[in-house]
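Participant: Can you keep this structure in mind? I'll have questions shortly.
The values are calculated or read from the model by the stated rules, or taken from the named source; none is laboratory data. Because the structure is predicted, anything quoted here is derived from the model rather than measured. Cβ sites come from the backbone with ideal geometry, for glycine too, and all protein chains shown count toward neighbours.
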Amino acid sequence: MVNAQGELLHADESVNCDYLWAARGAGAGFFGVVTRFELKTFALPPVIRFSSYAYELEHLETVLRWAMELTPRIPENLEFIIGCYGHDGTGKRATPRLFVNATAFADSEQQAREMLQLLETCPCITRADRRREVAAVSMEERLEMTSRADPDGKRYAADNIYTNASADELVPLMRELFASLPSAHSHIFWWNWGPLRPLPDMALSIQGDIYLACYSVWDQQADDAPMERWVVDQMKRLEHLAVGSKLNDENMARRPARYFSDAAAARLERLRTLHDPEHRFASFPK
């Protein structure tokens, strides 16, 4: 990385470790320019299986309450996400529907099936109008599925919250969000982030049981103002239930939020003052 003084440095757990700590989560507030990085990788699980159930929006509250009750039972190697899209799968505007999706990263076929059986505990499982059950997929296929939500050539705005709110607090506020998607490709991700695991010592320090993000997607510059306003207005309506936001799909310019624990925020500012006293790198909006 290049620091504020223009020096090329290497940072790891023992050398220039202040920079490594900040790089892990400081996002746009990092006081340096990364030129190269190394990642620790993990072995690809031998079995990857995917299940998906689609529900009409009339089942929204039932599905979300069930998802929140499910959180403590979700295994570490099961990715569980609820998505809501404003199109019919071909890009044509349609009534929003819920998609309950889960990917099992397993050591065996039996283990994958046992994990994905959690989706069959939904109280309205018999009302699912589209199913894809325990399908064999590759990592490349899963990445391609995810990328379909964000087609190239569009204009985007996003915002998000982490929350530990109860179902009684959170679920009654969801219908306005899910039913108000402003365009065909606009969408919502509800991610059961829990059960929470302890984070390493790094700038990234905020998480909650539920990660909720919304994205407006449109074509014309003339629509920028209402499309950008939708994501901010929806998250402002919910921010009283938030523990913070994720420095990933945030909307820092229009809705500054809490991105770090108090201790991490204070440490980040101390390191910024130490390593970039002339403030060559921008910090976060106050």
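Participant: Say whether the condition of being basic (K, R) and free of Cβ contacts under 8 Å to residues at least 40 places away in the same chain is met by at least one residue in the stretch 13-28.
Facilitator: no
Participant: Which pairs do you get when a residue that is outside any strand (DSSP E or B), found in the stretch 77-95, comes within reach of a residue that is among the small types (G, A, S) and modelled with pLDDT under 90, reach meaning Cβ atoms under 9 angstrom, with the pair 6+ apart or on two chains?
Facilitator: Matching pairs, first to second residue: D88/A94.
Participant: On the basis of being over 22 Å from H87 (Cα atoms) and surrounded by 21 or more Cβ atoms within 10 Å (Cβ to Cβ), does L268 make the cut?
Facilitator: yes
Participant: Condition first: surrounded by 13 or more Cβ atoms within 10 Å (Cβ to Cβ) and part of a loop (DSSP other than H, G, I, E, B). Can you find one or more residues in the stretch 214-222 that meet it?
Facilitator: Yes: the stretch 214-222 contains one or more residues that are surrounded by 13 or more Cβ atoms within 10 Å (Cβ to Cβ) and part of a loop (DSSP other than H, G, I, E, B).
Participant: Here's a follow-up. Restricting attention to the stretch 22-43, which residues are more than 22 Å from the chain's Cα centre (by Cα) and surrounded by fewer than 15 Cβ atoms within 10 Å (Cβ to Cβ)?
Facilitator: V33, V34, T35, R36, F37, E38, A43, listed by residue number.
Participant: Please find, among D159, D150, the residue that is surrounded by 12 or more Cβ atoms within 10 Å (Cβ to Cβ) and in a loop (DSSP other than H, G, I, E, B).
Facilitator: Step by step, each of D159, D150 is checked, and only D150 is surrounded by 12 or more Cβ atoms within 10 Å (Cβ to Cβ) and in a loop (DSSP other than H, G, I, E, B).
Participant: Condition check: in the same structural domain as Q207 (by TED's automatic domain parsing) and farther than 30 Å from P226 by Cα. Does T146 satisfy that? Break it down stepwise before answering.
Facilitator: Numbers: in the same structural domain as Q207 (by TED's automatic domain parsing): yes; farther than 30 Å from P226 by Cα: no.
No.
Participant: Here's another thing I want to ask about it. Any residue in the stretch 180-190 that is under 20 Å from E228 (Cβ atoms) and touching a Leu at 6+ places or on another chain (Cβ under 6 Å)?
Facilitator: no
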